[in-house]
Amino acid sequence: MSAPAVAFLGCGRIARAIVTGLVESGVPAQRLYGVCRHGNSARALADDTGLVPVSDIAGAVRSADLVVVAVHPHEAADVLAELRLLLRQGQVLVSLVASWPVAAVARAVGDVVPVVRAVPNVAVAVRAGATVLSAREGAGSADLERVTCLFERLGQVFVVDDEHMETVSALSGAGPALLARFAQALAEAAAGLGLPYRLAEDLARHAVHGTGMLHARPDASFSGTVAAVSSPGGMTEQALATVDRHGLGPATAAALRAAVALSLARMPDPTPETDTAPGPRP
C-alpha cells in the first residue's frame with residue numbers, strides 16, 4: 001500500500017518532528033505538504049526533509065488524504081473555518097491542536113469529514129514516540145486505522161476516550177520535557193559535586209536512555225527497577241529517600257494538574273454553532 005498524502009497545516013516543532021520521522025520511515029517526502037502562516041517554517045522544513053511547501057491551505061488540502069492541523073490553539077478557529085469549505089469526502093482530519101476536544105474540532109468544520117485527535121510526543125522524530133488518538137463519533141474503524149497506520153511508523157499508538165486527552169497531553173506530550181529537566185538537574189547536581197559537566201550530562205543521558213530500554217521489555221515495571229537498583233542502606237536508597245522527603249511525588253502531581261488546568265481553561269466554547277454546515281464536497 002502506498003503512503004498516504006499528508007498535508008500539514010502548521011509547520012512548527014511537533015509537525016517538524018512528525019515529518020522528520022515519516023521521512024526516516026520511508027514515506028516519500030513528495031507525499032508530504034506543508035503550509036504555515038508566514039511560510040518560513042514550511043520552507044525550512046522543506047529544505048531539511050524534502051517536504052513540499054505550499055503557499056496556501058487550499059493548495060495543501062487539495063491533494064491530501066490526511067489533513068493534519070498543527071497550529072496554536074488561538075489560531076485554530078480561523079484555520080478550521082477555512083477548512084470547512086475545503087475538506088472533501090474521503091479525507092480524514094487529524095487535529096494536533098492543544099485544548100481543542102475532538103467534538104469541538106468536528107463542529108468547527110461542520111462534521112464534513114471524520115475527525116481524529118492526536119497527541120504525539122517529540123520522540124516521533126526518532127521513531128520512538130508515543131501517540132495517543134481519540135476519535136469523533138462518526139469516525140469509522142477504517143478512518144481510525146488510517147491514522148493509526150501513519151503514527152505507527154513513528155512509535156507506539158494508543159487509543160483512549162477524548163475525555164482523557166488533557167491528562168494524556170500533560171503526561172505523554174510534556175513527559176519528554178519533564179524527564180529531560182530531571183536529567184538536567186541530575187547532571188547539574190553532579191557537576192556541583194565536582195564532576196566535569198560534559199561527563200555528568202553524558203551519564204545522565206545514558207541513565208535516561210538505558211532506563212527506557214529496560215522498560216521496553218514487557219515484564220518491566222517502574223517499581224521493579226527501583227527495587228532492583230536499591231540496596232538496603234545503600235546510596236540509591238538514600239538518594240530516593242531524599243527526593244521523596246523533598247516532595248518529588250507531590251511536585252510532579254502539581255505539575256500535571258497545572259498543565260491540565262491550563263488546557264481546560266483554553267478550551268473553546270462548547271456551545272454548538274447554529275449555522276448550517278455544508279455537506280461534504282464530492
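Do the conditions hold for residue 220, that is, is it of a type in the set (A, V, I, L, M, F, W, C) and in a loop (DSSP other than H, G, I, E, B)? If you could, list the steps in order and put the result at the bottom.
Values: of a type in the set (A, V, I, L, M, F, W, C): yes; in a loop (DSSP other than H, G, I, E, B): yes.
Yes, satisfied.
Out of segment 125-152, which residues are closer than 17 Å to residue 26 by Cβ, out of contact with any Leu (no Cβ under 6 Å at 6 or more places or on another chain) and in a loop (DSSP other than H, G, I, E, B)?
128
Between residues in segment 61-73 that are more than 15 Å from residue 15 (Cα to Cα) and residues that are open to solvent by less than 20 Å² (accessible area, probe 1.4 Å) and at pLDDT 95 or above, which pairs lie under 6 Å by C-beta distance while being six or more apart or on different chains?
Once the first residue is more than 15 Å from residue 15 (Cα to Cα) and sits in segment 61-73, its partners that are open to solvent by less than 20 Å² (accessible area, probe 1.4 Å) and at pLDDT 95 or above give 61/7; 61/67; 63/5; 64/5; 64/7; 65/5.
Among the residues in segment 196-211, are any of a type in the set (Phe, Trp, Tyr) and closer than 25 Å to residue 119 by Cβ?
Going residue by residue through segment 196-211, those that are of a type in the set (Phe, Trp, Tyr) are 197.
Still in the running and closer than 25 Å to residue 119 by Cβ: none.
No.
Could you go through segment 204-222 and let me know if any residue there is under 30 Å from residue 88 (Cα atoms), open to solvent by less than 90 Å² (accessible area, probe 1.4 Å), among the aliphatic types (A, V, I, L, M) and modelled with pLDDT under 95. I'd like the intermediate steps shown before the answer.
Let us first name the residues in segment 204-222 that are under 30 Å from residue 88 (Cα atoms), namely none.
No, segment 204-222 has no match at all.
Could you check residue 61 against (1) within 21 Å of residue 131 (Cβ to Cβ); (2) assigned to a helix (DSSP H, G or I); (3) open to solvent by less than 30 Å² (accessible area, probe 1.4 Å); (4) not small (Gly, Ala, Ser) and say which number it fails?
With respect to (1) within 21 Å of residue 131 (Cβ to Cβ); (2) assigned to a helix (DSSP H, G or I); (3) open to solvent by less than 30 Å² (accessible area, probe 1.4 Å); (4) not small (Gly, Ala, Ser), residue 61 is out only on (1).
Taking residue 170 and the conditions (1) within 21 Å of residue 3 (Cα to Cα); (2) open to solvent by less than 20 Å² (accessible area, probe 1.4 Å); (3) not polar (S, T, N, Q), which numbered condition does it fall short on, given that it satisfies the others?
Of (1) within 21 Å of residue 3 (Cα to Cα); (2) open to solvent by less than 20 Å² (accessible area, probe 1.4 Å); (3) not polar (S, T, N, Q), only one is false for residue 170: (1).
For the list (1) at negative phi; (2) modelled with pLDDT of 95 or more, I need the number of the one condition that residue 247 fails.
(1)
Would you be able to tell me the number of residues in segment 27-47 that are farther than 25 Å from residue 172 by Cβ and open to solvent by 50 Å² or more (accessible area, probe 1.4 Å)? Spell out how you get there, then give the answer.
So in segment 27-47, the residues farther than 25 Å from residue 172 by Cβ come out as 28-31, 33, 35, 37-40, 42-44, 46-47.
Subset that is open to solvent by 50 Å² or more (accessible area, probe 1.4 Å): 28, 30-31, 37-38, 40, 43, 47.
Residues meeting the conditions: 8.
The values are calculated or read from the model by the stated rules, or taken from the named source; none is laboratory data. Only a predicted model underlies this, so the values are computations on that prediction, with no experimental measurement involved. Note that each Cβ is placed from the backbone with ideal geometry, even for glycine, and that neighbours are counted across all protein chains shown. These accessible areas exclude ligands, DNA and RNA; they are computed on the full protein's heavy atoms, side chains included. Shrake-Rupley method; radii C 1.70, N 1.55, O 1.52, S 1.80 Å.
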